[in-house]
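Colleague: Take a look at the following structure, please.
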Amino acid sequence: MAECHPVGFQWVMAAKARGAAVIHVDPRFTRTSALADVHVPIRVGTDIAFLGGIVNYVLTHEKYFREYVLAYTNASTIICENFKDTEDLDGVFSGLDPQARAYDFSNWRYEGGDVPAAAGEQDQEYEERVDHAEAQEVDHAEAQEAARPEVHGSGGAEALAEGARLQTDETLQHPRCVFQILKRHFARYTPETVEEICGIPRDTFLRVCELITENSGRDRTTSFAYAVGWTQHTVGAQYIRTASILQALLGNIGRPGGGILALRGHASIQGSTDIPTLYNLLPGYIPMPHAHQNEDLDAFVEAEGARKGYWGNMRAYVVSLLKAWWGDAATADNDFCFDYLPRLTGDHGTYQTAQAQVEGTCKGYFLLGENPAVGSANARLQRFGMANLDWLVVRDFSLIESATWWKDGPEIETGELRTEDIRTEVFFLPAAAHTEKSGSFTNTQRLLQWHRQAVEPRGDTRSDLWFAYYLGRLIRDKLSDPAHRARMGLDADGRGIERDRPVLDLTWDYPTEGGYDDPDAEAVLAEINGFDAHGHPLSGYTQLKDDGSTSCGCWIYCGVYADGVNQADRRKPYTEQDWVAAEWAWAWPLNRRILYNRASADPEGRPWSERKAYLEWDPERRKWVGPDVPDFDEHMPPDYEPHPDATGPEGLSGKDPFVMQSDGKAWLYAPVGLVDGPLPTHYEPQESPFTNPLYGQQRNPVRNMPKPGGDFFHPSDGEPGAEVFPYLATTYRLTEHHTAGGMSRWLPYLSELQPEFFCEVSPELARERGLEHLGWATIVSARSAIEARVLVTERMTPLDVQGRRVHQIGLPYHWGPNGYSTGDAANELLHIALDPNVHIQESKVLTCDIRPGRRPRGPALRELVNEYRRRAGITEETGRQM
Amino acid sequence: MGIGDWVSSWPVYRQLTGADRTGRGAAARSARTERLRPRVADADKVVKSICPYCAVGCGQNVYVRDGKVTQVEGDPDSPISRGRLCPKGSATLQLTTGPNRLDTVLYRRPHGTEWEHLDLDTAMDMIADRVIAARLTGWEWEDDQGRPLRRTMGFASLGGATLDNEENYLFKKLFTALGAIQIENQARI
């Protein structure tokens, strides 16, 4: 955090100055470690074992916050009889279809009396899915996609069949209650197991356990901060789940000083997830409709919404979005144009797209401030994809590698591609900087902050708002022009108008301003915020209607333009506010600064302690009071009990803090929503020098694998050839550079501070491999080989794991051949085995070899990689077993 | 200036004889010191902004003179950053005004070996034509089981984490209406 979010780290230091203990878990010793009370070097890819060990410690030593756990988590909920744990099945959960490599998660549901129709349908559908998959020779990606991991990510999942009643045991003794399942599941994650898997000495581990548990409870809270070190794994979503379980057990969610804080790396990466430039989502975490299930609006809301909690109002959110996009064309009679939305059929993520480019189905590509030629895993595959396009549009500040690979990319040097043979047409369009346009970024704590335009951009430089708006206008003009339609053959199939209606009906009129007639960003923000039937700005999502009388471009952002005022541009100095600073900018939803803040008070609505008081129920005024906006109706008393048939927010009780969950509880056990299990389990990474000591199942059985051909994997421990790649490597970022370098390697200041690519190795590894400090090393994987300057440093700690010494190599990933500060891209080495829930790559762990000296040039580079593949006996099958 | 004035203007003399015995205040000031002005002092305006690098979201003050950005500093009002910026944020002036910025459209024709210049309007028109064509080529009305898809696999987009919310909103809206589904950004990378 001190390296990558330095200014945010000042608050960690402020906490330390007030007595907080700071624990840093990282394979490397960094600037954060230097300021922490405890640094815990860990073997990369083993955090579930580490966190699971703490969960076990908490349960074994009864350190959990019992009242919180009983009232606010699903600890007492009873799970159906079909559920079998990894402890029973040697590392897999019940419901696994090995052919399809997919789980039927109806096996993980809450106990709910009679087996209801909805679950029956789901079973049936699963059979279809499996049959289909077998017919297609185990197209497991398709089968797994049918499980829809993207749908339930925000809690919009129904855990209980319709008409069923939750079964609970408040004594927590029932053998099938979540609490008992949790105890059995984590029982083997002992300090000894943690040491054996993670390489963390027992004493260090126990010190961490003590610090965390001593600092949790009524009077104290502990928070976890993480970044992509937890997400870029084939089990990444389950890393976060493990932390969620731990924090829920300790009562550290929804309270000041608690939480699990995702430290995100781009100015508006949170915003681009909320208003998603992501394939699987519509604005506000509404899932994109799926061809298999979502035929019309009613079916969609039925399948993807929940009956209770705030997802119970999903129809209002969807209809308001459709009204924002298609205006008067969207009516109740035509299902509000729901059929205008394109349908998904599987994983359409960025790595699938790269493969589709190689195969030739994806012919055009926009790159908007992204540099996949060096910034995405298996960068070589990305470049081969781009070399097979008809056209590529790059919008950026400078000539990044993704704009110039056709001229000077690595494959030109090796002779695998020849510039004259590449037919891709490339457009480079200079993009405006944040100082040259107005707009909002959403930061890592959900805060929308407005940046105002300071100057006009120069020359051909334009904002992306300008580009999107005028591209849309040009396309609409052309589609409206009969001559153009005839010339392009748009009506050849007789369905041209039907195809183009969604484009032509789109609401696409924005006022313009400035020297380049830029669309007014505040007008777009106002559309995102939404309007009532009279065209007045809405002030919150509770006003949204499902009858078409309201419009709203992103329901969770509703209120950011309340009263016609740009709330994101509020800049009252912090010195003139209380510590929550609620009048600085605007947080979604409804300017709430701490989510699930009902949990900051006890079930009766009193603060858990004076020290940790936040919101509390004022019986005199019959409302919740405190420095923040309540995460629920401010007049809902703690003793409110819903009618059994009540739906939506009123379906939850006055004691249920987790208002996005269908049962209002924090899920220690996730009955739906994850495709790889209701509980986190330690699996070894895709590539590992060690065997999984817990189970016969080595890796995540349902991880996503790319199609054969574009990617090769290493043998793991116990497989012939594993010794060819004996070391672990991990990628990371530096303070002085930014992601793939587009905003840092072209700056003289930053390039001088970190002038070239390097690798970090321990003195012991340097001796073992003959590496010299400041000399060169070549790092090899089955994907490629790269060279780096060697930094020999005791910051890299060799670890003892399963009686063997393992070395880890650190690779900052900012570089490429262009700009002032140059070097090979670490992403050349990485594979694209993916997490099955979110389809992110395992950038944080790979095995490799390292040797002294520079890498070969020209065709010899590929010969070196091929020689390694031969020595390790790597085929297209290697590493692909379940 | 007489010799007495000359001697008494020496900083060391003033340090030894004046009130500033540690030499860290008035004694250390010279005529040149008196002439120094902060480079932001003559700005025409100060524009409130937010750092474009990581997601902490530090406040920035952008100083403008004669229509040009002259300095970018931390905003002391921000409850997040309280005026601080990291090395990247402190380099924002160079990011936005440095020699790295290109300001003309460049074009590489199929099989071409060099960049060519193209005017912006022509480029926009060509891109619009290409989107329409790729959309049509990759169009899918339904899947192999007859379920409606109404989409195109002909073009894709990557990017958004560095963009404004309003920009992402327009891209998502336009591309989705065109039937494109392969719309992605750094959040999955």
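Colleague: Given bins 5 angstrom wide, list per bin the percent of all Cα-Cα distances in the stretch B:45-97, short to long.
Modeller: For the stretch B:45-97, the pair-distance distribution reads 5, 24, 34, 23, 11, 3, 0.
Colleague: Calculate, for B:GLN145 and A:GLU610, the FRET efficiency according to 1/(1 + (r/R0)^6) with r their C-beta to C-beta distance and R0 51 Å; round to the nearest 0.05.
Modeller: 0.25
Colleague: Report the normalised scattering of the stretch A:406-464 as log10 I(q)/I(0) at q = 0.17, 0.25, 0.27 Å⁻¹, calculated by the Debye formula with identical scatterers on the alpha carbons.
Modeller: With one equal scatterer per Cα and no solvent, log10 I(q)/I(0) is -0.71, -0.97, -1.05.
Colleague: Provide the convex hull volume over Cα atoms per residue for the protein assembly as shown, in Å³. Don't skip to the answer; put the middle values down first.
Modeller: Details: hull volume 203.6 nm³, N = 1071.
Normalising the Cα hull of the protein assembly as shown by residue number yields 190 Å³.
Colleague: Right, another one. Quantify how strongly other chains surround peptide B:81-92 by giving the mean number of their Cβ atoms within 10 Å of each of its Cβ atoms.
Modeller: 6
Colleague: Sticking with this one: Output the Kirkwood hydrodynamic radius of the stretch A:513-615, Cα pairs only, in Å rounded to one decimal.
Modeller: On the way: mean 1/r = 0.0635 Å⁻¹.
For the stretch A:513-615, inverting the mean 1/r across all distinct Cα pairs yields 15.8 Å.
Colleague: Please name which of A:ALA454, A:THR793, A:TRP311 has its Cα lying farthest along the dipole of the protein assembly as shown towards the positive end, using unit charges on Cβ (Lys, Arg +1; Asp, Glu -1) and the Cα centre as origin.
Modeller: The listed residue farthest towards the positive side: A:THR793.
Colleague: Something else now. Treat the stretch A:446-532 as a sphere of radius equal to its Kirkwood radius over Cα pairs and apply Stokes-Einstein at 4 °C in a medium of 1.567 mPa s; give the translational diffusion coefficient in µm²/s, rounded to a whole number.
Modeller: Numbers: Rh = 15.6 Å.
In µm²/s, the coefficient rounds to 83.
Colleague: Something else about it: Compute the convex hull volume of the Cα atoms of chain B, divide it by the residue count, and report the result per residue in Å³ as a whole number.
Modeller: Values: hull volume 46.2 nm³, N = 189.
Spelled out: Cα convex hull of chain B, divided by residues, is 244 Å³.
Colleague: Using only the alpha carbons, work out the radius of gyration and Dmax of the stretch A:481-541 in angstrom.
Modeller: Radius of gyration, then largest Cα-Cα span, for the stretch A:481-541: 17.3, 47 Å.
Colleague: Subtracting the Cα-Cα distance from 0.36 nm times the residue separation, let me have the gained length for A:GLU719 to A:GLU752 in nm, one decimal. Don't skip to the answer; put the middle values down first.
Modeller: On the way: separation 33, 0.36 × 33 = 11.88 nm, distance 4.43 nm.
Gain on stretching A:GLU719 to A:GLU752: 7.4 nm.
Colleague: How many nm separate the modelled label positions at A:ARG854 and B:THR70, each set 7 Å beyond the Cα in the direction of the Cβ?
Modeller: Distance between label points: 4.6 nm.
Colleague: Taking the Cα centre of the stretch B:126-188 as origin, sum charge times position over the Cβ atoms of Lys and Arg (+1) and Asp and Glu (-1), and report the length of that vector in debye to the nearest 20. Please list the in-between numbers first.
Modeller: Details: 8 positive and 9 negative charges, 12 e Å.
Dipole size: approximately 60 debye.
Colleague: Right, another one. Enter the mean number of other protein chain beta carbons within 10 Å of the beta carbon of each residue in B:142-152, as an integer. Before the final figure, lay out each step's value.
Modeller: Numbers: counts 2, 4, 1, 5, 1, 8, 7, 5, 9, 7, 5.
So the per-residue partner count for this stretch is 5.
Colleague: Another one. Measure up A:LYS63/A:LYS84; A:LYS545/B:LYS173; A:LYS407/A:LYS707; A:LYS478/A:LYS545; A:LYS16/A:LYS437; A:LYS183/A:LYS655 against 32 Å on the Cα-Cα distance and list the ones that go over.
Modeller: On the way: A:LYS63/A:LYS84 27 Å; A:LYS545/B:LYS173 21 Å; A:LYS407/A:LYS707 28 Å; A:LYS478/A:LYS545 35 Å; A:LYS16/A:LYS437 39 Å; A:LYS183/A:LYS655 25 Å.
From the list (A:LYS63/A:LYS84; A:LYS545/B:LYS173; A:LYS407/A:LYS707; A:LYS478/A:LYS545; A:LYS16/A:LYS437; A:LYS183/A:LYS655), the Cα-Cα distance tops 32 Å for A:LYS478/A:LYS545; A:LYS16/A:LYS437.
Colleague: Compute the distribution of all C-alpha to C-alpha distances in the stretch A:278-392, in bins of 5 Å from 0, and list the percent of pairs in each, rounded to whole numbers.
Modeller: Bins of 5 Å from zero give 2, 10, 17, 17, 13, 11, 12, 11, 5, 1 percent of pairs.
Colleague: Label points 7 Å out from Cα along the Cβ direction at A:ARG66 and A:LEU261: separation in nm?
Modeller: In this crude spin-label approximation the distance works out to 3.2 nm.
Colleague: Then there's this: Report the gain in length on full extension from A:LYS623 to A:GLU768: 0.36 nm times residue separation, minus Cα-Cα distance, nm rounded to one decimal. Before the final figure, lay out the partial values.
Modeller: Working: separation 145, 0.36 × 145 = 52.20 nm, distance 6.73 nm.
Using 0.36 nm per residue and subtracting the Cα-Cα distance, I get 45.5 nm.
Colleague: Where does the stretch A:161-295 land on Rg(C-alpha)/(2.2 N^0.38 Å)?
Modeller: Taking the Cα Rg and dividing by 2.2 N^0.38 Å, one obtains 1.35.
Colleague: Where the eigenvalues come from the Cα gyration tensor of the stretch A:722-871, what are the semi-axes √(5λ) of the equivalent ellipsoid, largest first, in whole Å?
Modeller: Working: eigenvalues 108, 68, 61 Å².
Three semi-axes, in Å: 23, 18, 17.
Colleague: Starting from the Cα of A:ALA523, step 7 Å toward the Cβ, then list every residue of the stretch A:434-457 with an amide N under 16 Å from that point.
Modeller: From the stretch A:434-457, the list is A:438-439.
Colleague: If you place +1 on the Cβ of every Lys and Arg and -1 on the Cβ of every Asp and Glu, how big does the dipole about the Cα centre of the protein assembly as shown come out, in debye to the nearest 20? Walk me through the intermediate numbers first.
Modeller: On the way: 112 positive and 153 negative charges, 887 e Å.
Result for the protein assembly as shown is approximately 4260 debye, rounded to the nearest 20.
Colleague: Work through the residues other than A:SER76 whose Cβ is under 10 Å from its Cβ and net out their charges, Lys, Arg +1 and Asp, Glu -1.
Modeller: Values: positive: A:LYS665; negative: A:ASP169, A:GLU170.
After counting each charged neighbour, the total is -1.
Colleague: So what does the Cα-only Debye profile of the stretch A:351-491 read at q = 0.12 Å⁻¹, as log10 I(q)/I(0), no solvent term?
Modeller: So the normalised log intensities are -0.65.
Colleague: Would you mind checking the radius of gyration and Dmax of the stretch A:594-659 based on alpha-carbon positions, in Å?
Modeller: Just the Cα atoms of the stretch A:594-659 yield Rg and Dmax of 11.4, 39 Å.
Colleague: Right, another one. Using R₀ = 41 Å, calculate the FRET efficiency as 1/(1 + (r/R₀)^6) where r is the Cβ-Cβ separation of A:ASP578 and A:SER549; round to 0.05.
Modeller: Numbers: r = 37 Å, r/R0 = 0.91.
Efficiency, rounded to the nearest 0.05: 0.65.
Colleague: What's the magnitude of the charge dipole for chain B around its Cα centre, counting Lys and Arg as +1 and Asp and Glu as -1 at the beta-carbon? Answer in Debye, nearest 20. Intermediate values should be presented prior to the final figure.
Modeller: Numbers: 26 positive and 24 negative charges, 218 e Å.
Dipole about the Cα centre, nearest 20: 1040 debye.
Colleague: Could you work out, residue by residue across A:439-448, how many beta carbons of other chains sit within 10 Å of that residue's beta carbon, and then give the average as an integer?
Modeller: Working: counts 7, 5, 11, 5, 8, 5, 4, 0, 5, 3.
Mean shielding count: 5.
Colleague: Looking only at the stretch A:466-508, which residues have a backbone nitrogen under 16 Å from a spot 7 Å from the Cα of A:ASP328 in the C-beta direction?
Modeller: Within reach of a label on A:ASP328: A:504-508.
Colleague: Report the gain in length on full extension from A:ARG805 to A:ALA299: 0.36 nm times residue separation, minus Cα-Cα distance, nm rounded to one decimal.
Modeller: Details: separation 506, 0.36 × 506 = 182.16 nm, distance 5.56 nm.
Difference between extended and current length: 176.6 nm.
Colleague: Between A:ALA646 and A:GLU634, what is the label-point separation in nm under the 7 Å Cα-to-beta-carbon projection?
Modeller: Label at A:GLU634, label at A:ALA646, 2.0 nm between them.
Colleague: Further, regarding this structure: Over the Cα atoms of the stretch B:126-188, compute the convex hull volume and normalise it per residue, giving Å³. Mind showing how you got there, number by number?
Modeller: Values: hull volume 5.9 nm³, N = 63.
Dividing the Cα hull volume of the stretch B:126-188 by its residue count gives 93 Å³.
Colleague: Which residue, chosen from A:TYR285, A:ILE412, A:PRO817, occupies the Cα position most advanced towards the positive end of the dipole of chain A, where the dipole is computed from +1 (Lys, Arg) and -1 (Asp, Glu) charges on Cβ about the Cα centre?
Modeller: The Cα lying farthest towards the positive end belongs to A:PRO817.
Colleague: I need the semi-axes of the equivalent ellipsoid of the stretch B:8-68: take the C-alpha gyration tensor, multiply each eigenvalue by 5, square-root it, list largest first in whole angstrom. Before the final figure, lay out the partial values.
Modeller: Working: eigenvalues 306, 55, 9 Å².
Those come to 39, 17, 7 Å.
Colleague: Moving on. If you take the beta carbon distance between B:SER8 and B:ALA41 as r and set R0 to 41 Å, what does 1/(1 + (r/R0)^6) give as a FRET efficiency, to the nearest 0.05? Walk me through the intermediate numbers first.
Modeller: Values: r = 30 Å, r/R0 = 0.72.
Once rounded, the FRET efficiency stands at 0.85.
Colleague: Could you tally the net charge around B:ALA133, taking each other residue with its Cβ under 11 Å from the Cβ of B:ALA133, Lys/Arg +1 and Asp/Glu -1?
Modeller: Working: positive: A:LYS363, A:LYS478, A:ARG487, B:ARG130, B:ARG135; negative: A:ASP390, B:ASP129.
The answer is +3.
Colleague: For chain A, give the share of DSSP beta bridges that are antiparallel, in percent and rounded to the nearest 5; count only bridges with both residues there. Don't skip to the end; give the middle numbers.
Modeller: Working: 41 of 72 bridges.
Percentage antiparallel, nearest 5: 55.
Colleague: Another question, if that's okay. So how do A:708-721, A:70-83, A:434-447 stack up, highest first, on mean other-Cβ count within 10 Å? Each step should come with its number before you reach the end.
Modeller: Details: A:708-721: 18.1, A:70-83: 21.4, A:434-447: 25.4.
Top of the packing list down: A:434-447, A:70-83, A:708-721.
Colleague: Hey, could you pull the Cα Rg and Dmax for the stretch B:1-102, both in Å?
Modeller: Using the Cα atoms of the stretch B:1-102, the pair Rg, Dmax is 20.0, 60 Å.
Colleague: Oh, and also: Charges on Cβ only, +1 for Lys and Arg, -1 for Asp and Glu, centred on the Cα centroid of chain A; of A:LEU479, A:PRO644, A:ASN56, which one is farthest towards the dipole's positive end?
Modeller: Result: A:ASN56, furthest along the dipole toward the positive end.
Colleague: Roughly what % of Cα-Cα distances in the stretch A:637-775 sit above 28 Å, to the whole percent? Provide the component values of the computation, followed by the final result.
Modeller: Details: 5450 of 9591 pairs.
Counting every Cα pair in the stretch A:637-775, those more than 28 Å apart make up 57 percent.
Read-outs: derived from the displayed coordinates by stated rules, not from any lab. Keep in mind it's a predicted model, so treat the numbers as computed, not measured. Quick reminder, even Gly has a Cβ in these numbers, built from the backbone with ideal geometry, and neighbours come from all protein chains shown.
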